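Below is one structure; the comments refer to it alone.
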Amino acid sequence: MPPSKEERREALKDLYHEARACTRCPQLASTRTTVVFGSGNADADLMFVGEAPGKNEDEQGLPFVGQAGKLLDKLLSEIGLTRQDVFVVNTLKCRPPGNRDPAPVEIENCQDYLMRQLGLIQPTVVCTLGNFATKLLRADPTGITRLHGREEERVIGTRAVRLYPIFHPAAALYTPANVEVLRRDFARLPELLALGPPRQPGEEDPAPEPVQVPEPEMAPVVVDDRQLGLF
């Protein structure tokens with residue numbers, strides 16, 4: 001029997017406490033202020049996966065609280081959603097010193113937390129923000145410039161999702177022309193959510209509807225009185 005919402009929520013809390021004590025990456029563990037686990041609706045149909053916490057996130061313990069977060073909130077509001085409707089995480093739970101790029105070994109060390117979050121929250125659509133999240137969850141080096149706005153069904157961990165890469169809001173802030181690209185890609189999210197979750201691994205095809213076979217038409221039988229024994 002699959003876990004209930006309450007059981008999944010409790011497991012997510014346990015995972016949070018586990019991540020808070022993580023020392024898999026010695027440098028990050030020694031320089032972080034706090035672990036930025038993620039935030040939002042624990043039963044969200046839509047999950048955003050960013051890159052790594054920045055200075056503001058490291059101080060507050062929440063993802064996307066700076067200028068990129070304000071742009072994310074604005075884009076969500078334009079499609080009728082808020083942070084309370086979605087779940088937001090990063091590929092790394094700790095801030096790399098100086099906001100440098102995540103190192104491959106750090107991504108490898110941290111990805112287990114992300115996969116377990118995905119399995120517990122059970123989103124329908126996973127929206128990867130930028131190159132690092134997209135390359136990690138697609139297990140492919142193709143960059144975001146080629147992939148943005150192109151959804152695909154992917155099995156990530158144990159769950160099939162609709163994976164949807166888009167530009168990172170921070171990149172759009174540095175390149176204003178990308179804001180409109182990001183806005184157009186965001187506008188497709190409601191239709192992707194409306195499709196519902198893809199078929200999960202191990203699920204059987206639905207049983208076909210039984211075919212109603214019409215009874216063959218029979219030639220009318222003429223019965224006269226003699227056949228009935230009547231005279």
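The values are calculated or read from the model by the stated rules, or taken from the named source; none is laboratory data. Because the structure is predicted, anything quoted here is derived from the model rather than measured. Cβ: placed from backbone, ideal geometry, glycine included. Neighbour counts: every protein chain shown.
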Inspect all residues belonging to region 148-170 and state whether any of them is in a helix (DSSP H, G or I), closer than 27 Å to residue 25 by Cβ and β-branched (Val, Ile, Thr). no
Using beta carbons and a limit of 9 Å, which pairs, at least six apart or on different chains, have the first residue in region 45-63 and on the phi > 0 side of the Ramachandran plot and the second one not in a strand (DSSP E or B)? 61/33; 61/34; 61/35; 61/36; 61/37; 61/53
Residue in region 146-186 that is modelled with the lowest pLDDT, counting only those that are closer than 27 Å to residue 120 by Cβ and of a type in the set (Val, Ile, Thr): 158
Is region 85-92 home to any residue that is modelled with pLDDT of 95 or more, farther than 19 Å from residue 126 by Cβ and of a type in the set (Asp, Glu)? no
Among the residues of region 20-50 satisfying the criterion of being outside any loop (DSSP other than H, G, I, E, B) and over 20 Å from the mean Cα position of the chain (by Cα), which is nearest to residue 160 (Cα to Cα)? 20
Considering residues of region 54-64 that are outside any helix (DSSP H, G or I) and more than 20 Å from the chain's Cα centre (by Cα) only, the residue farthest from residue 95 (Cα to Cα): 61
Quick one: would you say residue 46 is crowded, with 20+ Cβ neighbours inside 10 Å, closer than 16 Å to residue 193 by Cα, in contact with a helix residue (DSSP H, G or I) (Cβ under 7 Å, 6 or more places away or on another chain) and not basic (Lys, Arg)? yes
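For region 22-43, enumerate the residues that are in contact with a helix residue (DSSP H, G or I) (Cβ under 9 Å, 6 or more places away or on another chain) and either more than 16 Å from residue 109 (Cα to Cα) or surrounded by fewer than 16 Cβ atoms within 10 Å (Cβ to Cβ) (or both).
23, 27, 31, 33, 34, 38, 39, 40, 41, 42, 43
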Of the residues in region 3-13, those that are assigned to a helix (DSSP H, G or I) and surrounded by fewer than 10 Cβ atoms within 10 Å (Cβ to Cβ) come to 6
